[in-house]
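The structure under discussion appears below in the form of structure tokens.
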Amino acid sequence: MTTPTTSEIVARCQALFDDLDFTSARQWKEAEPGRKVIGFMPVYVPREIIHAAGMLPLGIMGGGDNLEVIHGDAYYQSYICRIPRSTIELGISGRLDFVDGMLFPSICDVIRNLSGMWKMLFPQVYSRYFDVPQTYEDEVGGVYYENEINEFLHDLEEMAGRRIAAGDLRKSIDIYNKNRKLIRDLYTLRAQKPWQAPASEAYLVIRAGLVLPVEEHSELLEQYIAAAAAEDRPIKDNSRVIVTGMFCEQPPLNLIKSLELSGCYIVDDDFMLVSRWLVGDVPLDGDPVHNLAQAFLHHSESTAAKYEPDPLEKGQYLVRAVRRTGAEGVIFTSPSFCDPALLDRPMLQNVLAKADIPYIAFKYAENSGQMQPIREQAGTFVDSIKLWSAA
Amino acid sequence: MKPKVTKAPPAEVVKDASMLKQKEMMAAHYDRLSSARETGEKVASTFVPGNLNELLMCFDLVNNLPEVNAIQSGLRRQSGAYIMEAERSGHSEDVCTYVKSDIGMMAKGNIGPNGKQLPDPDVLMLSYTGCFTFMKWFELLRERYKCETIFLQTPYMADGKITPNMIQYMVRQFKEDVIPKLEKVSGVKFDIDRLREYLAKSAKAEDDLVYILKSARNKPSPIDAYFGGIYYIGPIFGAFRGADDAIDYYRFLREEVDQRVAAGLGPVTPDGPMGEERYRLVVEGPPNYTNFRQFWKMFYEEGATVVASSYTKVGGTYDYGFRHDPARPLETLAEYCLGVYTNRSLPMRIEMLANYIDEYEADGLLVNSIKSCNSFSAGQLLIMREVEKRTGKPAAFIETDLVDPRYFSAANVKNRLESYFQMIEQKRSGRGAAA
């Protein structure tokens, strides 16, 4: 079997991204009787548990800019973001009729309320609001979270008709550790040589991991990293930037491409945080539920939906990301009406200002079509970075 | 020579005795707040949903509620300028206007409704209950005030019930974090018996509050449970629950309501006693405060009384049986937080509203959707359709905002309300003809 080229891998990922019928996930389910698929929304769920139950975790990141929302708009006022309306559209149009369960992580009030709506609209589907702790002491938030995980585990055992043994969970953790390591490697490549792995390609490759079985995705990641690193791609006179705010409603792919076309190397981002929410490997020895809980409490990423108890630490993750990746600026890209991103933004901007890191900000929707203003804004930002750094 | 134009004196706003009493209580509280530095009292800022006033009282802390400050700013038509100040400083036009009003008010000197400066808080009691925005709001205040911030997470009642895990989590937070930090800030040792005493007083006031709320089952209703309700919930949702003041107020209000029921009277409106009760409504969603009287007038001019509302449950769902229980002090604080309206799942909210329509024999449901409040607003269109389906009563939908005057379009709202009242009439005539 020949090793696929970068463009072949990206084409495959593009096809998966474009497929709003989730054909690959359907085929996975149909391949063996009794298989089940559990959908989940941003930001984070412990996919290892779903995997250990023999089920496929399916990331539902809204309908994107290719989905015409007809029914979904009847459920939301104009001043609510687009992801819940396109998600309802996916549900009502039958595109998720093969999904056996839906998880709604505690990210904001819109997704929170959507969990209740889903229960009413699709009463035959297992729906769970995944409420994570915002307190991080082991004996307080830790105990609460372990109980929540065990409750979820028990629900999946009932669905699966079998017990999920600790050994099953450890195997799944090991597999996801490998997947996360590969994603970290991809981000390292992007930071070191962003011209080799453009953000618009990497986005598709990472996003494929939300619909493919994790084992297949890890193989795809290995192939892409090797192929992309070997590509002969010209180095452009771009500025290195970090984009932040895209942790829930995803940007149109054209937005990412537009940023790159306007002179940005996107060296870090917060797209699809579930893929690398846990930082580092989750230990394999001992109680796997406890280990997953510990990883969440003490070794997880930062984002607007997560409380930062230490005021001095607030926003520092962004400063560290800038230093680590050699970024020259930050672009705040928030979905319209996104409370977490928009309320957090002024605080993060203050932190960047104190660290002398330039930034700009704009809003988008998952179906934004007009990219010219974004190109102009980003292009001017890049020019100003080059101008002032030369001075 | 130009004729001299004499402005007519503003019409006197009529208030009943309990409303005046409530105003006095609030005024006294703001005076206490604004003189805290002189008196040496320490100030805790917290939120209405999840307001642990009884606990704060155990530490001699004076309760400051930024949401109430924003409401007062809205009622006084100051919030518009505050919001624009906050937007000029970088806050998005899309986010909660309570937050922006508070941020803008701070930027302009933090002057309270009594015209005096409010003190910087000594502690931020971040009761993360029923609203994501609360987390960010107090992170923003923490950035400014650099004071102790105590975080209490209230798990969401997604499955329509309180679980042991939820209670245990909250009790552990009280024991391990909340109480030790309140001790440290206040210098006062926690006395659980003191808390029990306050909780017992809360329960007394809650009994009378529920009696008052349920008086709306009378025809005509002696109260307006939305516009008038804003006055009624002030003490119980704010700094008075657990204190004798709240017991006295609700006893006073209860007697006032009894007198109106005996006389067959409707509620008192700003223009005087309500005329004929023609429509009985259940309202979902907070009111608009910048045009509060104008908004209310659109109802009572048409003979519409609100007999039940969801907003009057944001600080506790006492009419569903909850009472603060001194026998289980920490557990009861947890149950109180868990049960507030905005911490209830969408199915629970629908059930509550549908029950209200039946219990209070309402003609229909009105949803006032608030542009900047995702906690209330996301899902309200489904709520409206589902309540209509379950009750067979018509529902209507209007859109305003809490305290941003730019989002109150009087003509639009009045037009929709008039159409809605006509719809109710038509349904009635249809039922009459069928009979």
Next on the checklist: Kindly evaluate A:Lys314 against the criterion of being open to solvent by 60 Å² or more (accessible area, probe 1.4 Å), within 14 Å of chain B (Cβ to nearest Cβ), without any contact (Cβ under 8 Å) to a residue 40 or more places away in the chain and at negative phi.
Outcome noted: no
Checklist outcome for this item: Within the stretch B:256-268, of all residues that are closer than 21 Å to B:Leu209 by Cβ and out of contact with any strand residue (DSSP E or B) (no Cβ under 9 Å at 6 or more places or on another chain), the one surrounded by the fewest Cβ atoms within 10 Å (Cβ to Cβ) is B:Ala262
Checklist entry - Out of all the residues in the stretch A:362-376, which are open to solvent by less than 30 Å² (accessible area, probe 1.4 Å) and within 14 Å of chain B (Cβ to nearest Cβ)? => result A:Phe362, A:Tyr364, A:Ala365
Item to check | Checklist (1) touching a strand residue (DSSP E or B) at 6+ places or on another chain (Cβ under 6 Å); (2) touching a residue at least 60 places away in the same chain (Cβ under 8 Å); (3) not polar (S, T, N, Q) applied to A:Asp270, failing item | outcome: (2)
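In the stretch A:74-84, which residue that is within 10 Å of chain B (Cβ to nearest Cβ) and part of a helix (DSSP H, G or I) is least open to solvent (accessible area, probe 1.4 Å)?
The qualifying residue least open to solvent (accessible area, probe 1.4 Å) is A:Pro84.
Pick from the stretch A:274-310 the residues that are among the aliphatic types (A, V, I, L, M) and open to solvent by 40 Å² or more (accessible area, probe 1.4 Å): which of them is farthest from A:Val132 (Cα to Cα)?
Among those that are among the aliphatic types (A, V, I, L, M) and open to solvent by 40 Å² or more (accessible area, probe 1.4 Å), it is A:Leu284.
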Next on the checklist: Go through (1) closer than 22 Å to A:Glu301 by Cα; (2) surrounded by 20 or more Cβ atoms within 10 Å (Cβ to Cβ) for A:Phe381 and report which single condition fails.
Outcome noted: (1)
Checklist entry - So which pairs qualify, if the first residue must be in the stretch A:152-178 and closer than 15 Å to A:Asp281 by Cβ, the second must be crowded, with 17+ Cβ neighbours inside 10 Å and among the acidic types (Asp, Glu), the Cβ gap must be under 6 Å, and the two must be at least 6 apart or on different chains? => result A:Ser172/A:Glu48; A:Ile173/A:Glu48; A:Tyr176/A:Glu48
Checklist outcome for this item: Per the filter on the stretch B:327-369, residues open to solvent by 10 Å² or more (accessible area, probe 1.4 Å), closer than 19 Å to B:Leu195 by Cβ and within 14 Å of another protein chain (Cβ to nearest Cβ) are B:Leu330
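Residue-by-condition table, conditions (1) crowded, with 19+ Cβ neighbours inside 10 Å; (2) within 30 Å of B:Pro270 (Cα to Cα):
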residue: B:Tyr169; (1), (2): yes, no
residue: B:Lys181; (1), (2): no, no
residue: B:Ile212; (1), (2): yes, yes
residue: B:Ser215; (1), (2): yes, yes
residue: B:Ala225; (1), (2): yes, yes
Item to check | Count - residues of the stretch A:317-328 that are open to solvent by 30 Å² or more (accessible area, probe 1.4 Å) and part of a helix (DSSP H, G or I) | outcome: 4
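Are any of the residues in the stretch B:286-299 polar (S, T, N, Q) and open to solvent by less than 10 Å² (accessible area, probe 1.4 Å)?
There is at least one residue in the stretch B:286-299 that is polar (S, T, N, Q) and open to solvent by less than 10 Å² (accessible area, probe 1.4 Å).
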Item to check | Any hit, the stretch B:146-161, residues being more than 9 Å from chain A (Cβ to nearest Cβ), in contact with a Leu (Cβ under 9 Å, 6 or more places away or on another chain), under 18 Å from B:Ala44 (Cβ atoms) and in a helix (DSSP H, G or I) | outcome: no
Item to check | Residues being within 21 Å of A:Glu215 (Cβ to Cβ) and open to solvent by 20 Å² or more (accessible area, probe 1.4 Å) - total across the stretch A:154-181 | outcome: 12
Next on the checklist: Looking for something buried (at least 20 other Cβ atoms within 10 Å of the Cβ), at pLDDT 95 or above and part of a helix (DSSP H, G or I) - is there at least one such residue anywhere in the stretch B:386-408?
Outcome noted: yes
Next on the checklist: Going through B:Glu139, B:Glu93, B:Glu54, B:Glu67 one at a time, which residue ends up being within 14 Å of chain A (Cβ to nearest Cβ), of a type in the set (D, E, K, R) and assigned to a helix (DSSP H, G or I)?
Outcome noted: B:Glu139
Item to check | In the stretch A:329-339, residue surrounded by the most Cβ atoms within 10 Å (Cβ to Cβ) [restricted to those that are within 11 Å of chain B (Cβ to nearest Cβ) and not acidic (Asp, Glu)] | outcome: A:Cys338
Checklist entry - With respect to B:Ser127, is the statement that it is under 23 Å from B:Ala36 (Cβ atoms), in contact (Cβ under 8 Å) with a residue 24 or more places away in the chain and either in a strand (DSSP E or B) or of a type in the set (Lys, Arg) (or both) true? => result yes
Next on the checklist: Go through (1) touching a helix residue (DSSP H, G or I) at 6+ places or on another chain (Cβ under 8 Å); (2) aromatic (Phe, Trp, Tyr); (3) under 14 Å from B:Ser215 (Cα atoms) for B:Phe322 and report which single condition fails.
Outcome noted: (3)
Item to check | Any chance B:Ser18 is at pLDDT 95 or above and either touching a helix residue (DSSP H, G or I) at 6+ places or on another chain (Cβ under 7 Å) or surrounded by fewer than 24 Cβ atoms within 10 Å (Cβ to Cβ) (or both) | outcome: no
Item to check | Residue count for the stretch B:79-92, restricted to those that are touching a Lys or Arg at 6+ places or on another chain (Cβ under 9 Å) and open to solvent by 10 Å² or more (accessible area, probe 1.4 Å) | outcome: 8
Checklist entry - Given (1) in contact with a helix residue (DSSP H, G or I) (Cβ under 9 Å, 6 or more places away or on another chain); (2) closer than 30 Å to A:Gly34 by Cα; (3) not in a loop (DSSP other than H, G, I, E, B), where does A:Ala227 come up short, assuming only one miss? => result (2)
Item to check | Residue selected from the stretch A:115-142 under the condition in a helix (DSSP H, G or I) and more than 7 Å from chain B (Cβ to nearest Cβ), by the criterion most open to solvent (accessible area, probe 1.4 Å) | outcome: A:Asp138
Item to check | Residues that are over 14 Å from A:Val279 (Cβ atoms), touching a residue at least 40 places away in the same chain (Cβ under 8 Å) and not in a loop (DSSP other than H, G, I, E, B), drawn from the stretch A:186-198 | outcome: A:Leu189, A:Arg190, A:Ala191
Checklist entry - For the stretch A:6-39, which residues satisfy the criterion of being surrounded by 14 or more Cβ atoms within 10 Å (Cβ to Cβ) and among the hydroxyl-bearing types (Ser, Thr, Tyr)? => result A:Thr6, A:Ser24
Checklist entry - Hey, among the residues in the stretch B:107-133 that are within 13 Å of another protein chain (Cβ to nearest Cβ) and open to solvent by 10 Å² or more (accessible area, probe 1.4 Å), which one's farthest from B:Gly285 (Cα to Cα)? => result B:Ala107
Checklist entry - Limited to the stretch A:343-357, what total is found for residues that are free of Cβ contacts under 8 Å to residues at least 24 places away in the same chain and away from chain B (no Cβ under 11 Å)? => result 2
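Please specify each residue of the stretch A:340-361 satisfying the condition of being open to solvent by less than 50 Å² (accessible area, probe 1.4 Å) and not aliphatic (A, V, I, L, M).
Hits for the stretch A:340-361 are A:Pro340, A:Asp344, A:Arg345, A:Pro346, A:Gln349.
The values are calculated or read from the model by the stated rules, or taken from the named source; none is laboratory data. Quick caveat: nothing in here was measured; it's all calculated off a predicted structure. Neighbour counts are summed over all protein chains in view; Cβ atoms, including those assigned to glycine, are modelled from backbone coordinates with ideal geometry. Side chains included, ligands, DNA and RNA excluded: accessible areas come from the protein's heavy atoms. Shrake-Rupley method; radii C 1.70, N 1.55, O 1.52, S 1.80 Å.
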